[in-house]
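The structure appears below as structure tokens.
The values are calculated or read from the model by the stated rules, or taken from the named source; none is laboratory data. Everything numeric here is computed off the predicted structure, so don't read it as measured data. We place every Cβ from the backbone using ideal geometry, glycine too, and count neighbours over all the protein chains shown.
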Amino acid sequence: MALGNKRIAVLIPAYNEGSQIRRVLDSVPDYVDRIVVIDDASQDNTATEVEHSAEDDDRIELIRLSENSGVGGALNVGYNWARDNGMDIAVSVDGDGQMDPDEMANLVDPIVKDQADYTKGNRLLDPVGWRQIPRIRLFGNAILSLLTKMASGYWSVSDSQSGYSAAGRVALERINWDSMYKRYGRPNDVLVLANVAECRVADVPITPIYGVGERSSMNIAKVTFAIAALLLRRFWWRLFHKYLLRDFHPLLFFYLLATVTFFSSVALAIRLVYYWIANGSVPQLTALALVFFTITTLNSLFFAFWMDMQANAHLAVRVPAQPTSASARHKGETA
């Protein structure tokens, strides 16, 4: 059974997922044409478990990497494989069993209908899902989602940490997958790359799954700071490529002006604190300059944000909401 006559591949980056991977492989829907597992130099029996599953399912293909390259590095191999092997849609699924296969049809539907080039799951669109996400992850997600909006230009897209995504043929061909970030910031980085590639992106409601035996070695604080630094670099990379090299846009002036006045404000604030500590008073002219530069920074940022939203409005696609499997279960339980 195919969806819209599209050739669909499921990409599963796996690192030490021997205890989960066979359950994930068994759950892949029948309409999927190929299942590509990228074993990221696992130290356990992941590859052996995949090979055993392949004996019963000829859709499964195992790609073994000699060195650990991170989830982004593994998916880079998978996306290039899907592009070079004529796949119309490539769905990214983690090997730890935290993504509901019943929701995959909703994820690829906007691509099948040519409404979007890239779709991503959003666990925050359904209140049922909020209660399942650990609080510390929800807080970090909120911060990184805000930063990703600014860095990527997709201002209406949230839950940027969700790795459950689907790339259509346009995205597979346009996005430079070799430049994709190799570690935990991969979902954030893809949105920046997709924006520069002029890909239409849609959020699709999904529900997180926890407590299935998955193991996480992620340090929330460390990962948050690392991804924030990545997004700062990618923000300027996007502005340079999209609004300077490709086609000049005045919002670049506003972002640059905000940057200059921001650092000027910081310097003036330090000067004021120094004078207050040393003399017990502050220079009136310096205080007025600080107020002026602060207001200029905020105004410039607001103008730049507004222009960025307008320039990218056509790339953020809204699709009709469909109930997630968890929502359906929840309604059934309370009926």
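In table form, for the structure just shown:
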| item | result |
| --- | --- |
| Criterion: in contact with a Phe, Trp or Tyr (Cβ under 7 Å, 6 or more places away or on another chain), exposed (fewer than 15 other Cβ atoms within 10 Å of the Cβ) and on the phi < 0 side of the Ramachandran plot - qualifying residue of Asn80, Asn85, Asn76 | Asn80 |
| Listing of helices (runs of 4 or more DSSP H) fully contained in segment 169-249 that carry 1 or more residues being modelled with pLDDT under 95 and within 20 Å of Gly72 (Cβ to Cβ) | 186-196, 220-240 |
| Meets criteria (touching a Lys or Arg at 6+ places or on another chain (Cβ under 6 Å), among the acidic types (Asp, Glu), buried (at least 21 other Cβ atoms within 10 Å of the Cβ) and without any contact (Cβ under 8 Å) to a residue 60 or more places away in the chain) for Asp33 | no |
| Candidate set from segment 16-30 (those that are assigned to a loop (DSSP other than H, G, I, E, B) and charged (D, E, K, R)); member that is surrounded by the fewest Cβ atoms within 10 Å (Cβ to Cβ) | Asp30 |
| Residue match in segment 138-160 (condition: assigned to a loop (DSSP other than H, G, I, E, B) and more than 25 Å from Tyr243 (Cα to Cα)) | yes |
| Yes/no for Val108 being of a type in the set (A, V, I, L, M) and either closer than 19 Å to Ser165 by Cβ or touching a residue at least 60 places away in the same chain (Cβ under 8 Å) (or both) | yes |
| Number of positions in segment 167-186 that are buried (at least 20 other Cβ atoms within 10 Å of the Cβ), touching a residue at least 60 places away in the same chain (Cβ under 8 Å) and within 23 Å of Lys113 (Cα to Cα) | 4 |
| Residues of segment 244-263 classified as aromatic (Phe, Trp, Tyr) and in contact (Cβ under 8 Å) with a residue 40 or more places away in the chain, total | 2 |
| Residue list for segment 36-70, restricted to those being of a type in the set (Ser, Thr, Tyr) and without any contact (Cβ under 8 Å) to a residue 40 or more places away in the chain | Ser42, Thr48, Ser53, Ser66 |
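Each row is one residue, and each column tells you yes or no for (1) modelled with pLDDT of 85 or more; (2) within 22 Å of Phe225 (Cα to Cα).
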site: Lys120; (1), (2): yes, no
site: Pro127; (1), (2): no, no
site: Ile133; (1), (2): no, yes
site: Leu138; (1), (2): no, yes
site: Leu146; (1), (2): yes, yes
site: Trp155; (1), (2): yes, yes
site: Gly163; (1), (2): yes, yes
